[in-house]
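Q: Could you have a look at this structure, given as structure tokens, before my questions?
The values are calculated or read from the model by the stated rules, or taken from the named source; none is laboratory data. Model, not experiment: these values are computed from the prediction. Heads up, the Cβs are rebuilt from the backbone with ideal geometry, glycines too, and the neighbour counts pull from every protein chain shown. Only protein heavy atoms, including side chains, enter the accessible area calculation; ligands, DNA and RNA are left aside. Shrake-Rupley method; radii C 1.70, N 1.55, O 1.52, S 1.80 Å.
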Amino acid sequence: MRIWIDLANSPHVPFFKALTDRFVAQGHEIETTARDFAETIPLAQAAGLSPNLIGTFGGRQLSAKAGNLMSRAWALAGWARNRRFDLAISHNSYSQILAARGLRLKTVTLMDYEYQPANHLAFRLTSRIIVPASFPTKRLRRYGAVIGKVRRYHGTKEDVYLADFKPDPSFVTHLSELGIKRDNVLVLMRPPAHDALYHRFQNTLFDEALTKFSALEDVTVVLLPRSESQRSVYAAKALGNLLIPKAPLDGPNLIAASDLVLSAGGTINREAAALGVPVASIYAGKWAAIDEQLVTEGRLRRIQNAKDLNELPVQKKQASIPRHANDVINEVVSLILE
């Protein structure tokens, strides 16, 4: 089978890298496209996916996003038209879904956030929808999903690509080269996705947390900005113990080396939960059911106000116990190719 994978955002890279390895092992041919957004392209290249670059970020304004979606869909359709694909797969790449629909190509989309407004588009136009078991049925119906084309898997998308993860012992040397001492408490932070369609609100609590933690003695805060504009804003704050890496770092190894992960997003939090690293979410929007489940399981902590923040332990962690959910990737591969 000839499979087309589209990478619309940086978290899609490790997810589809793991799936690509499985597809290739089963004898399928894979071609990949990606848009120039966040760190998607360099991460994909580092993962050996060799994507075809088609499209870029459309801007924060809704009108700009809509225009960018359509223009990228047109470009993707032109690229894919004569490549004889049997299946198009993405994690809610709206442009790919539109392009594939125009080409009458079967599509599979995966999604784990039930409050993404553009689910209306993806769920109606795709051939099959794959979501975590905790994804609410009422949200699927609200976004126009025909329940007969919905499939569920038991776990998170982060379980898919972190099931076989083993920390690289040499990574601590890389951290030392960045000026991070081994005896320091390493706090990894990720800002809100201010440019995302689902993130149309302010989150001042994150900046309060950043100021608080970067002022603590024997603590190093590593901040992973989502864009160059965020990098400039946070670099200008000149906070004492704040480190903003100049180049992308190996995400799983960085999380595994951290003593605490605090993010205003979802992916990095679920990665930490999969690796057994202490993690707290400071996300101010509507919470995904999958994250609520992690809280219930005691694998994720929720920060809603200054009191929660002050009660958050900032200390060297105990030994991590990764989940190693190998059954999840097998289930997802089966659902995609059924």
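Q: For R101, state whether it is in contact with a strand residue (DSSP E or B) (Cβ under 8 Å, 6 or more places away or on another chain), more than 24 Å from N269 (Cβ to Cβ), basic (K, R) and not in a helix (DSSP H, G or I). Step through it out loud before you land on a result.
A: Details: in contact with a strand residue (DSSP E or B) (Cβ under 8 Å, 6 or more places away or on another chain): yes; more than 24 Å from N269 (Cβ to Cβ): yes; basic (K, R): yes; not in a helix (DSSP H, G or I): no.
So R101 fails the test.
Q: While we're here: So how many residues does the range 152-195 have that are within 15 Å of N326 (Cβ to Cβ), over 14 Å from the mean Cα position of the chain (by Cα) and among the hydroxyl-bearing types (S, T, Y)? Give the derivation first.
A: Of the range 152-195, the ones within 15 Å of N326 (Cβ to Cβ) are 153-166.
Those left that are additionally over 14 Å from the mean Cα position of the chain (by Cα): 153-155, 163-166.
Imposing the further condition that a residue be among the hydroxyl-bearing types (S, T, Y) reduces the set to 153.
Going through the range 152-195 one residue at a time, the tally reaches 1.
Q: Within the range 101-110, identify whether any single residue is small (G, A, S), under 23 Å from the mean Cα position of the chain (by Cα) and either open to solvent by 30 Å² or more (accessible area, probe 1.4 Å) or on the phi < 0 side of the Ramachandran plot (or both), and answer yes or no.
A: Of the range 101-110, the ones small (G, A, S) are 102.
From what is left, the residues that are under 23 Å from the mean Cα position of the chain (by Cα) are none.
No, because not a single residue in the range 101-110 is small (G, A, S), under 23 Å from the mean Cα position of the chain (by Cα) and either open to solvent by 30 Å² or more (accessible area, probe 1.4 Å) or on the phi < 0 side of the Ramachandran plot (or both).
Q: Suppose the filter is open to solvent by 30 Å² or more (accessible area, probe 1.4 Å), without any contact (Cβ under 8 Å) to a residue 12 or more places away in the chain and within 23 Å of the chain's Cα centre (by Cα); does K138 pass it?
A: Criteria not met by K138.
Q: Continuing with this model, one more query. Being open to solvent by less than 40 Å² (accessible area, probe 1.4 Å), among the hydrophobic types (A, V, I, L, M, F, W, C), outside any strand (DSSP E or B) and over 23 Å from V185 (Cα atoms): is that true of V295 here?
A: It is false that V295 is open to solvent by less than 40 Å² (accessible area, probe 1.4 Å), among the hydrophobic types (A, V, I, L, M, F, W, C), outside any strand (DSSP E or B) and over 23 Å from V185 (Cα atoms).
Q: Every residue in the range 69-98 that is assigned to a helix (DSSP H, G or I), of a type outside the set (D, E, K, R) and either touching a strand residue (DSSP E or B) at 6+ places or on another chain (Cβ under 7 Å) or open to solvent by less than 30 Å² (accessible area, probe 1.4 Å) (or both), please.
A: Matches in the range 69-98: A73, A75, L76, A77, W79, A80, S95, Q96, I97.
Q: If you go through the range 163-180 one residue at a time, how many are assigned to a helix (DSSP H, G or I) and either farther than 14 Å from A256 by Cα or out of contact with any Lys or Arg (no Cβ under 7 Å at 6 or more places or on another chain) (or both)?
A: Here the count works out to 6.
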